[in-house]
1. Accessible area of the stretch 1-102 with a 1.4 Å probe: how many percent of it is carbon plus sulfur?
2. Given Leu158, Ile92, Pro114, which one lies farthest toward the positive end of the charge dipole of the stretch 92-164, if we put +1 on the Cβ of every Lys and Arg and -1 on the Cβ of every Asp and Glu?
3. Expressed in nm to one decimal, what extension gain is obtained for the pair Ser94 and Ala11 from 0.36 nm per residue of sequence separation less their Cα-Cα distance?
4. What accessible area per residue comes out for the chain, rounded to a whole number of Å², with a 1.4 Å probe?
5. Find the percent of Cα-Cα distances in the chain that exceed 26 Å, and round it to a whole number.
6. Across every pair of different alpha-carbon atoms, what Kirkwood hydrodynamic radius in Å does the stretch 1-69 reach?
7. Which whole-number percent of Cα pairs in the stretch 103-200 have a distance greater than 24 Å?
8. I want to check the label-to-label distance for Asp82 and Asp159. Put each point 7 Å from Cα in the C-beta direction and report it in nm to one decimal.
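The values are calculated or read from the model by the stated rules, or taken from the named source; none is laboratory data. As the structure is a prediction and not an experimental result, all values here were calculated from the model. Cβ sites come from the backbone with ideal geometry, for glycine too, and all protein chains shown count toward neighbours. In case anyone asks, the SASA skips ligands and DNA or RNA and just uses the protein heavy atoms, side chains included. Shrake-Rupley method; radii C 1.70, N 1.55, O 1.52, S 1.80 Å.
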Amino acid sequence: SARLVVLVSGAGSNLAALLAAHDDPAYGARVVAVVTDRPDAGALDLARDAGVASAVVAPADFEDRAAWDAATAEAVDVFGPDLVVLAGFMRILSPAFVRRFAGRIVNTHPALLPSFPGAHGVRDALAHGAKVSGCTVHVVDEGVDSGPILAQAAVPVLDDDDEEVLHERIKVAERALLVETVGRAARHGIHVDGRRATLG
Ligand code: GAR
């Protein structure tokens, strides 16, 4: 089955969903390693409990961004990934990183791209007064949240939502979408034709 290396900065609920799915051989993919930029990431506990390898590549341990980025690429490459999954990874990877794993990096973003890219997709949709938001799983290119879209799911924005409540509603849809999309990508491959990406 396809080897997934998952990059995570936070709690790791999306990682947890992938770890729950990979126990089924029919899923066609398994998480072989978790790589994080944060020594305190909750995702490290999830990896340990699942018996999955992990690596911490913390920016503070490197002289500059380029050195951190190269070390992250090495840490990922060691595990021989078929797919690299950014599941709540909050740092921008360099063009060199993206080229090294070209067409094999997928990201999940908590908004309906191309609206509201960047670090605050949920907050920005709310501030804009959007009535619908959601999540996007896309192929990573050299821009920020700009790569070809693989899948999206919409959720309503309700009148009294705050960022936390809306994000939680999005994350319920997001976990299912990410698991489904990564599984299809693993089983059938990702095909990119210009801006348009398809699975299998
Ligand atoms: C997810 O909603 C993901 O889309 C978002 O962080 C959350 C991580 O949750 N990612 C970004 O905002 C990337 N810019 P998790 O750690 O519980 O999976």
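1. Of all accessible area on the stretch 1-102, carbon and sulfur atoms account for 53 percent.
2. So the residue we want is Ile92.
3. Stretched fully, the Ser94-Ala11 segment lengthens by 27.5 nm.
4. Details: 9380 Å² over 200 residues.
In whole numbers, the chain has 47 Å² accessible per residue.
5. For the chain, the fraction of Cα-Cα distances above 26 Å is 29 percent.
6. Numbers: mean 1/r = 0.0798 Å⁻¹.
One decimal place: 12.5 Å for the Kirkwood radius.
7. 21
8. 4.9
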